[in-house]
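Q: Below you will find the structure I want to go over with you.
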Amino acid sequence: KNEVEQSPQNLTAQEGEFITINCSYSVGISALHWLQQHPGGGIVSLFMLSSGKKKHGRLIATINIQEKHSSLHITASHPRDSAVYICAVPPETSGSRLTFGEGTQLTVNP
Amino acid sequence: GAVVSQHPSRVICKSGTSVKIECRSLDFQATTMFWYRQFPKQSLMLMATSNEGSKATYEQGVEKDKFLINHASLTLSTLTVTSAHPEDSSFYICSAQTGANTEAFFGQGTRLTVV
C-alpha cells in the first residue's frame with residue numbers, strides 16, 4: 001500500500017463544474033502539499049497546509065490530520081485548470097523529503 | 001512565491017556525452033535541493049538530496065558516478081548526467097526548500113533526450 005493515495009486517478013469535467021480530488025496518507029506528517037503539474041512538466045506549489053482550510057482564488061484545500069485525509073476543491077472549473085494535481089507529504093521521519101501520490105489527471109472540457 | 005530556475009528546459013545530446021542541468025533559487029537561499037526523475041505518466045522519483053557544502057545523499061539504485069550532484073552555494077545545485085545513454089532520456093526536475101516543513105518550489109524541469 002502506498003503511503004500516499006489519491007483519488008480519482010483521472011477526472012473529466014465540464015467547464016463550470018465543482019471538482020474534488022482526495023488524498024489519504026498513512027504516515028505521520030506535520031504538513032501536506034498540493035502541487036499542480038502542467039502538461040509541459042512544470043510544477044507549481046498550490047498549498048502547504050497543516051490544519052483546517054486554505055483558499056486561493058477558486059482553489060480550496062482542506063485537511064483533517066486525525067483522519068489523515070486532505071481534499072483539493074476547484075470551484076467553477078475552467079479548461080485552463082486541466083493539469084495533473086499531486087498530493088505530497090513529508091513523513092516525520094524523512095526531514096524535508098516528500099512522498100508523492102500518483103497524481104490526478106484533470107481534464108476540463110469547454 | 002519563491003522562484004526556482006532550472007536550465008536548460010530541453011536538451012538533446014549524443015550517447016556518451018555528459019549533460020549538466022542547473023537549478024537556481026532566485027530570491028531565497030535553499031539549504032536543501034532535491035533532484036527528481038519522472039517517466040511518462042508516472043510520479044516523481046527522488047534521485048538525490050543535495051545539501052549545500054556537503055555530499056549529496058543518493059536514493060537506493062541511483063548511481064552516484066553517473067548522476068553527479070554539486071551544491072556549491074545556497075542558490076545553485078547542478079546535476080550532471082555523465083556518459084549519457086538513451087535509457088537516461090527522461091524528465092528531470094529539481095525542487096528547493098528553505099528548511100524542513102517549508103513550502104517546496106520546483107524548477108521548470110529539463111527534458112533530456114539522448115540519441
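Q: Under a GNM of chain A (C-alpha, springs under 10 Å), which listed residue has the highest mean-square fluctuation: A:73, A:33, A:56?
A: A:56
Q: A further question on this structure: Using a Förster radius of 30 Å, what is the FRET efficiency between residue B:100 and residue A:55 based on their Cβ-Cβ separation? Nearest 0.05, please.
A: The computed FRET efficiency comes out at 0.75.
Q: Could you run the Karplus curve 6.51 cos²θ - 1.76 cosθ + 1.60 with θ = phi - 60° over region B:105-111 and give me ³J(HN,Hα) per residue in whole Hz, x for Gly and Pro?
A: 10, 10, x, 7, x, 10, 9
Q: Within region B:78-109, list the residues whose amide N lies under 13 Å from a label point set 7 Å along Cα→Cβ of residue B:59.
A: Answer for region B:78-109: B:91-95.
Q: Taking the Cα-to-Cβ direction at residue B:51 and at residue A:92 and moving 7 Å from each Cα, how far apart do the two end points lie in nm?
A: 2.1
Q: Mind checking Rg over Rh on the protein assembly as shown, alpha carbons, Kirkwood formula for Rh?
A: Result: Rg/Rh = 0.97.
Q: Give me the percent of DSSP beta bridges within the protein assembly as shown that run antiparallel, rounded to the nearest 5.
A: Once the DSSP bridges in the protein assembly as shown are tallied, antiparallel ones form about 90 percent.
Q: Using a 7 Å offset from the Cα along the Cα-to-Cβ direction at both residue B:42 and residue B:26, what is the distance between the two label points in nm, to one decimal?
A: It is 3.1 nm.
Q: Report the calculated FRET efficiency for residue A:44 and residue A:17 (r = Cβ-Cβ distance, R0 = 22 Å), to the nearest 0.05.
A: 0.55
Q: Convex hull over the Cα atoms of region B:3-90, averaged projected area in nm²?
A: So the mean shadow area of the Cα hull is 5.8 nm².
Throughout, read-outs are computed from the coordinates displayed, never taken from laboratory work. Here the structure is a predicted model, which is why all the values come from computation and not from measurement. Note: ideal-geometry Cβ built from the backbone for every residue, glycine included; neighbour counts use all protein chains shown.
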